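As structure tokens, the structure follows; a few thoughts come after it.
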Amino acid sequence: MTVTGRRAALLAPALLAVGVLFVLPLCLMAYVSTLERGPEGDVVWGRHTLDAYGQFLFERDLMDNLALNTDYIQIFARSIGLAATTAALTLVIAFPVGLWMAFQPPQRRTFLLFVVTVPFWTNLLVRNYSWILLLRNGGVLDWLLMGTGLRSEPLNILYSPLATEIGLVYSFLPFMVLPVYVSLEKLDRRLVEAAFDLGADRLRALTRIIIPLSMPGIVGGLILVFVPCLGAFVTPALLGGGKTVMIAEYIAANILDNIRWGLATMLASTLLATVFLLLALMWRVVDLRKLLGAA
């Protein structure tokens, strides 16, 4: 067997798994989004229509005329805005944490890395319910602030965009800390020492040496936070209380409550296309291959 044949044989199981578990479901989702809706809310196989995609921008008024409908665009914009804000806030928190962890002794670094991974041991649903107890009126946060005299009335944070943002930052923070820490932990300390020897202060060493060399971890963390946060469901549903609806929550409502498979799969396909488009734009603007250290 030639070298090319051996490589193909070794790659075949992985390519088969990716094709069956990833590509095939996505193709089926896109196919279902083009099917007509049946009388009971199901889809009619073999009968195609683009009505679901038309509903993304238009709706029928009382006179059966097409009218512009921006509801879905607003939901997408809200989801992208919350995901981008979450990525930015987690980076602001994770970078100093990762930098501090990277400069600790090896044994302490191992313990701190263990502490960062502890939230993964608890179900996300339970952790978000804990935030409900903390943020609700009369909850732990209000009790502390009112007990110390800092406030005389509840904060009214729960079921607001702020509560959703707090939950998203908390949920996805480890996804930013880990890649940033790994990138900083591999940093050659001699470069920082050389910068100090050449007269650089801490700020210049940070901006000229540490941050540029840690860009692979920063970019990787931004992608790891932004992409799954864009499809977050549990946190907006529990902490948003229906007032901060994100796209995943609306997709679930169309499947479970309204039984509109075509519309739900259309939204899911549009969300997937939006993610690919944003990553493609990021690839064009920033040389991701260079930043991520690819050959």
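In this structure, Arg151 qualifies as over 24 Å from Leu230 (Cα atoms) and either at pLDDT 90 or above or assigned by TED's automatic domain parsing to the domain that holds Ala264 (or both). So, of the residues in region 220-236 that are over 13 Å from Ala94 (Cβ atoms) and of a type in the set (A, V, I, L, M), which turns out to be surrounded by the fewest Cβ atoms within 10 Å (Cβ to Cβ)? Only one residue tops the list, namely Val227. Against the criterion of being in the same structural domain as Thr274 (by TED's automatic domain parsing), over 17 Å from Leu99 (Cα atoms) and free of Cβ contacts under 8 Å to residues at least 12 places away in the same chain, Val140 qualifies. When Val92, Val118 are checked against the criterion of being under 24 Å from the mean Cα position of the chain (by Cα) and modelled with pLDDT under 90, a single residue qualifies: Val118. Taken over region 127-150, the criterion of being outside any loop (DSSP other than H, G, I, E, B) and either among the charged types (D, E, K, R) or within 29 Å of Gly217 (Cα to Cα) (or both) is satisfied by Arg127, Asn128, Trp131, Asp142.
Of all the criteria given as (1) more than 30 Å from Val225 (Cα to Cα); (2) in contact with a helix residue (DSSP H, G or I) (Cβ under 9 Å, 6 or more places away or on another chain), the one not satisfied by Ile80 is (1). The helices (runs of 4 or more DSSP H) falling completely within region 1-117 that include 1 or more residues that are surrounded by fewer than 16 Cβ atoms within 10 Å (Cβ to Cβ) and among the basic types (Lys, Arg) map to 3-18, 106-117. If you go through region 6-39 and pick out every residue that is more than 25 Å from the chain's Cα centre (by Cα), of a type in the set (Gly, Ala, Ser) and closer than 18 Å to Leu272 by Cβ, you end up with 0. Taken over region 114-132, the criterion of being closer than 19 Å to Thr164 by Cβ and free of Cβ contacts under 8 Å to residues at least 60 places away in the same chain is satisfied by Pro119, Asn123, Val126, Arg127, Ser130.
Scanning region 182-219 for residues that are surrounded by 20 or more Cβ atoms within 10 Å (Cβ to Cβ) and outside any helix (DSSP H, G or I) gives a single hit, Ser214. Condition first: closer than 20 Å to Phe76 by Cα, surrounded by fewer than 18 Cβ atoms within 10 Å (Cβ to Cβ) and touching a residue at least 24 places away in the same chain (Cβ under 8 Å). Can you find one or more residues in region 245-266 that meet it? Within region 245-266 (the criterion being closer than 20 Å to Phe76 by Cα, surrounded by fewer than 18 Cβ atoms within 10 Å (Cβ to Cβ) and touching a residue at least 24 places away in the same chain (Cβ under 8 Å)), the answer is yes, since at least one residue qualifies. Taking the residues in region 139-173 that are out of contact with any helix residue (DSSP H, G or I) (no Cβ under 8 Å at 6 or more places or on another chain) and at positive phi as candidates, determine which candidate is surrounded by the most Cβ atoms within 10 Å (Cβ to Cβ). Looking at residues that are out of contact with any helix residue (DSSP H, G or I) (no Cβ under 8 Å at 6 or more places or on another chain) and at positive phi, I get Asn156.
The values are calculated or read from the model by the stated rules, or taken from the named source; none is laboratory data. A quick note: this is a predicted structure, and the numbers were derived from the prediction, not measured. Cβ sites come from the backbone with ideal geometry, for glycine too, and all protein chains shown count toward neighbours.
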